[in-house]
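Please treat every number below as a calculation from the coordinates, not as lab data. In this text, all values refer to a predicted model and were calculated from it rather than measured experimentally. Methodologically, a virtual Cβ is constructed for each residue, glycine included, from the backbone with ideal geometry; neighbour enumeration extends over all protein chains shown.
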Amino acid sequence: MSRITRNLNYSEPIEVEEGVFWVGFCDDESGLHCNPYLIIDNDEAVLIDGGSRPEFPQVMMKVLKTGVNPHHIRALIYQHFDPDLCGSIPNLENIISNKDLRIISEKSNNVFIKHYYVTSGLLSIDEIDYKFKFQSGRELSFYKTPYAHAPGSFVTFDSKSGILFTSDLFGSYGKEWELFLTLEKECFNCADYNDCPNKKDYCPIPDLLNFHKEVIPSGEALKQAIEVVAKVPLSIIAPQHGSIIHKADDIAFVCEKLFKLDGVGIDKLAHNRAGNDSGSIEGLKRRLAQK
Ligand SMILES: [Fe+2]
Ligand SMILES: [Fe+2]
């Protein structure tokens with residue numbers, strides 16, 4: 001049964017499903033809420049997209065409030081290499097203080113992740129056959145989503161909870177924020193997101209779509225990533241920004257909306273090059289030849 005309830009206290013860790021905790025930080029001023037997640041399985045734990053350096057105290061406080069012993073954190077998973085998820089690696093390594101701690105990402109991410117002054121062993125997902133196994137037999141599976149938004153981006157599926165952790169994919173900007181996305185059935189056919197048929201003050205859909213237009217490099221990258229997600233037997237989508245999508249109809253709606261989204265990344269800057277001499281290779285050759 002879902003644990004999702006209203007009136008959540010964001011100063012506490014929030015259990016999304018049994019043993020899976022949101023340990024993020026709610027900042028009304030930032031507009032970019034970061035959502036690290038902790039999975040606890042018996043005496044082991046894994047932290048996904050652990051967060052930035054400035055957010056470390058709040059994240060670590062929530063990790064401790066779950067009751068986990070930090071030394072039992074076996075792995076830190078980073079689904080790409082940005083500082084908003086990797087910035088606190090040295091702080092986490094200090095507190096976890098476990099020589100067997102492993103940092104898991106994709107090999108092209110690891111080229112950058114090592115520059116966070118990492119001292120733990122770095123593993124790439126292909127080296128571990130795209131799976132992380134707890135001693136209980138529980139598995140996390142990794143699926144590559146290239147260029148959504150980093151070349152080495154991937155998503156992580158926990159088959160026990162049915163949660164797919166998606167990093168920036170399904171993320172959102174926005175000062176109005178709730179941990180769990182709330183859509184109504186009227187949202188699915190809404191003609192104008194700026195004029196809510198339910199007269200709500202805030203619609204989360206424009207922020208979610210605009211985030212993908214800004215962050216994902218192209219519509220093709222977004223389409224391919226949604227096709228990867230569509231193959232996973234998920235029941236909940238947990239992104240690193242924005243809100244957790246936990247209702248089947250909402251998941252289907254958001255996936256379709258993103259798959260059909262126009263003007264993503266460089267696509268919105270595409271222009272007609274015919275007759276444009278100033279930026280052409282032929283124009284460049286002519287000018288070089290004149291020197
Ligand atoms: Fe990112
Ligand atoms: Fe991010």
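Laid out as a table, the results:
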{"quantity": "Residue among Ser172, Ser141, Ser124, Ser167 that is among the hydroxyl-bearing types (Ser, Thr, Tyr), within 20 Å of Asp249 (Cβ to Cβ) and touching a strand residue (DSSP E or B) at 6+ places or on another chain (Cβ under 8 Å)", "calculated": "Ser172"}
{"quantity": "Residues satisfying the stated conditions in the stretch 7-48, i.e. small (Gly, Ala, Ser), under 18 Å from His246 (Cβ atoms) and buried (at least 21 other Cβ atoms within 10 Å of the Cβ)", "calculated": "Gly24"}
{"quantity": "Selected residue (criterion: farthest from the chain's Cα centre (by Cα)) from residues of the stretch 24-58 that are within 14 Å of ligand 2 (Cβ to nearest atom), closer than 18 Å to Ser11 by Cβ and hydrophobic (A, V, I, L, M, F, W, C)", "calculated": "Phe25"}
{"quantity": "Within the stretch 74-86, considering residues that are surrounded by 22 or more Cβ atoms within 10 Å (Cβ to Cβ) and without any contact (Cβ under 8 Å) to a residue 40 or more places away in the chain, the one farthest from Val16 (Cα to Cα)", "calculated": "Cys86"}
{"quantity": "Any hit, the stretch 100-114, residues being closer than 15 Å to Asp49 by Cα and small (Gly, Ala, Ser)", "calculated": "yes"}
{"quantity": "Leu123 within 16 Å of ligand 2 (Cβ to nearest atom), surrounded by 15 or more Cβ atoms within 10 Å (Cβ to Cβ) and either of a type outside the set (Gly, Ala, Ser) or closer than 22 Å to Gly67 by Cα (or both)", "calculated": "no"}
{"quantity": "Sole exception among (1) in contact with a Phe, Trp or Tyr (Cβ under 9 Å, 6 or more places away or on another chain); (2) assigned to a helix (DSSP H, G or I); (3) in contact (Cβ under 8 Å) with a residue 60 or more places away in the chain for Ile39, by number", "calculated": "(2)"}
{"quantity": "Checklist (1) away from ligand 1 (no atom under 16 Å from the Cβ); (2) over 20 Å from Ser105 (Cα atoms) applied to Leu32, failing item", "calculated": "(1)"}
{"quantity": "Boolean, Gly263 is farther than 19 Å from Cys187 by Cα, surrounded by 10 or more Cβ atoms within 10 Å (Cβ to Cβ) and in contact with an Asp or Glu (Cβ under 7 Å, 6 or more places away or on another chain)", "calculated": "no"}
{"quantity": "Any hit, the stretch 250-259, residues being surrounded by fewer than 17 Cβ atoms within 10 Å (Cβ to Cβ) and in contact (Cβ under 8 Å) with a residue 40 or more places away in the chain", "calculated": "yes"}
{"quantity": "Residue that is touching a residue at least 12 places away in the same chain (Cβ under 8 Å), surrounded by fewer than 18 Cβ atoms within 10 Å (Cβ to Cβ) and either within 17 Å of the chain's Cα centre (by Cα) or within 16 Å of ligand 1 (Cβ to nearest atom) (or both), where the choices are Ser136, Ser141", "calculated": "Ser141"}
{"quantity": "Qualifying residue in the stretch 181-188 (condition: within 16 Å of ligand 2 (Cβ to nearest atom) and touching a Ser or Thr at 6+ places or on another chain (Cβ under 8 Å))", "calculated": "no"}
{"quantity": "Which numbered condition Asn210 misses (of (1) more than 27 Å from Leu76 (Cα to Cα); (2) within 16 Å of ligand 2 (Cβ to nearest atom); (3) crowded, with 17+ Cβ neighbours inside 10 Å)", "calculated": "(3)"}
{"quantity": "Filter result (in a strand (DSSP E or B), away from ligand 2 (no atom under 16 Å from the Cβ) and under 16 Å from Glu227 (Cβ atoms)) within the stretch 143-163", "calculated": "Tyr143, Lys144, Phe157"}
{"quantity": "Failed condition for Pro70, given (1) surrounded by fewer than 19 Cβ atoms within 10 Å (Cβ to Cβ); (2) in contact (Cβ under 8 Å) with a residue 12 or more places away in the chain; (3) within 25 Å of Ala225 (Cβ to Cβ)", "calculated": "(3)"}
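One line per residue, one yes/no per condition, for (1) part of a loop (DSSP other than H, G, I, E, B); (2) within 16 Å of ligand 1 (Cβ to nearest atom); (3) under 14 Å from the mean Cα position of the chain (by Cα):
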| position | (1), (2), (3) |
| --- | --- |
| Cys196 | yes, no, no |
| Ala221 | no, yes, no |
| Gln224 | no, no, no |
| Leu234 | yes, no, no |
| Ile251 | no, no, no |
